[in-house]
Amino acid sequence: MVRIYGHPFSSFTWKALIALYERGVPFEFMMIENAAFVARAAPTGQFPVLVDGDRAVIESAAIIEYLDLHHGSAPPLVPADPRAAVEARQMDGVFDDYLMLTLQRMVSNALRPEDKRDPHVEAEVQAALDKSYAWLDRWMTGRTWAANETFGLADCAAAPALFYAHWAFPIPASHAALNAYRARLLARPSIARVVDEARPWREYFPLKGRGGSPD
């Protein structure tokens, strides 16, 4: 059976779990904090890590593509048509790089001792997210899902990115298309499931008191 090493509150673990639930793949969840296996499997000990027999796969997007090839009978989350796959991978990168990794700068800063925090990080993160929210609102206008009008890789990335980013830096109400997209994501059963599974760890989110509503 496939095993997934990760944490239920980890955004990139969510991304892999959403794909597993979408594809109906049986798996064993390996709850870890700083497991020696993960430290060996990934360059700096990041999770999730998927283990399938003797094969270990790191990076959430690669895990999703691996599942498409080897597990489950649902339609692929990355389109088989390479022309359509370009858009899926593009938007996967947008949500990971311009939302999730941007927000993680703020999380990392908040976790430092108070006298070690960079006073410029919050304003820089807010400015970057404001630009990304505006761009995404334009992109999502007239669309149901983030790429190719089919739920897939990009939406697996969007769900945790928008969940955590909105919690810390709320999406402006004026971005109607982006807010509606976020609501559709939260209503999707696979995503509602990962949100529910992560509830016990919400108190540990260092940006939880900033005023956004997580769900």
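Read-outs: derived from the displayed coordinates by stated rules, not from any lab. Computed from a prediction, not measured in an experiment: that's the story for all the values here. In this analysis, Cβ positions are derived from the backbone assuming ideal geometry, glycine residues included, and neighbour counts consider all displayed protein chains.
Filtering the stretch 143-156 to residues that are among the small types (Gly, Ala, Ser) and under 13 Å from residue 181 (Cβ atoms) leaves 146, 147, 154.
Checked against (1) farther than 22 Å from residue 86 by Cβ; (2) free of Cβ contacts under 8 Å to residues at least 60 places away in the same chain, residue 143 passes all but a single condition, namely (1). Answer yes or no: is there a residue in the stretch 74-89 that is over 30 Å from residue 175 (Cα atoms), in contact (Cβ under 8 Å) with a residue 40 or more places away in the chain and touching a strand residue (DSSP E or B) at 6+ places or on another chain (Cβ under 6 Å). No, the conditions are met nowhere in the stretch 74-89. From the list 77, 67, the one residue that fits, being touching a Cys at 6+ places or on another chain (Cβ under 9 Å) and of a type in the set (A, V, I, L, M, F, W, C), is 77.
With respect to the conditions (1) crowded, with 19+ Cβ neighbours inside 10 Å; (2) over 15 Å from the mean Cα position of the chain (by Cα), residue 82 falls short on a single one, namely (1).
It is to be established whether one or more residues within the stretch 196-204 are over 23 Å from residue 84 (Cβ atoms), buried (at least 19 other Cβ atoms within 10 Å of the Cβ) and of a type in the set (Lys, Arg). Give the derivation first.
Here is the first cut: in the stretch 196-204, the residues over 23 Å from residue 84 (Cβ atoms) are 196-204.
With the extra rule that they be buried (at least 19 other Cβ atoms within 10 Å of the Cβ), the set shrinks to 198.
Filter once more, so that each one left must be of a type in the set (Lys, Arg): none.
Checked the stretch 196-204: no residue is over 23 Å from residue 84 (Cβ atoms), buried (at least 19 other Cβ atoms within 10 Å of the Cβ) and of a type in the set (Lys, Arg).
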